[in-house]
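A short reminder: the numbers here are calculations on the coordinates, not readings from a lab. The model shown is predicted, which means the values in this text are computed figures rather than measured ones. Neighbour counts run over all protein chains shown; Cβ positions are idealised from the backbone, glycine included.
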Amino acid sequence: MHRIEPAPVLKSVTVSAPPERAFEIFATQMGDWWLKTHSLTASGQKTIVVEPRAGGRWYEIGVSGEEREWGRVLAYEPPKRILFAWQLNADWTFDPEFRTEVEVTFEPTADGGTTVRLEHRNLANYGAKAEEARRALDSEGGWAGLLAAFAARAA
C-alpha cells in the first residue's frame, strides 16, 4: 500500500538584520523570542538553549530550573543554516526514538536584511497523527506565530 507523506511545513520571514545577526538571534537568543505559551515545563519557560554545534542539545529550562529536551542540533553553520532533530512526538512530549527535522536557512537580501526560511519535514513519522500534527505546526499557533515573534525580536 502506498502512503502519501504530508507536505513539509514551509514558512519564511524577512528581517532587517544581516544574516549574522539574524542567525545569532534565532539560535543563541531563542529563549528571548520563543512564545512562552509553548512550554513543556510544569513551572513555565525560563529560557531555551541551543548548544552551538552539531550533536548539541536543544532544550528548555523552566522557571524552577527543570530541563525538558526538545531535540538535537544536527548542523550548526552560522550564518547560513541550522538543522534540528525535532523529537517531540504527536503528544508534544520528548521521545528519543522519534524524529522529524527543522531546517532554517538565512539568506542575505539586497538591502542588507535576511530572508529566514524554515522547513519542518519528515512529518509522516507522526504516523496516524501526521495530518493533525502538520495542521498544528503550520498554524498561527505553530511556526507562523513563532517566526513572527522571531521577526519582532530581530527588528
#### Entry: DSSP beta bridges in the stretch 45-155 [antiparallel fraction, %, rounded to 5]
100
### Summary
Given a Förster distance of 25 Å, the FRET efficiency implied by the Cβ-Cβ spacing of residue 155 and residue 110, rounded to the nearest 0.05, works out to 0.85
### Message
In the chain, once you exclude exposed GluC sites (Glu not before Pro) (DSSP loop, at most 16 other Cβ within 10 angstrom), what's the longest stretch remaining?
### Response
1-65
### Query
Which loop-located chymotrypsin sites (Phe, Trp or Tyr not before Pro) does the stretch 65-123 contain, where loop means any DSSP state but H, G, I, E or B and the Cβ has at most 11 other Cβ atoms within 10 Å?
92
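When each pair of different Cα atoms in the chain is counted once in the 1/r mean, what is the Kirkwood radius in angstroms, to one decimal? Before the final figure, lay out each step's value.
Working: mean 1/r = 0.0630 Å⁻¹.
Here the Kirkwood hydrodynamic radius works out to 15.9 Å.
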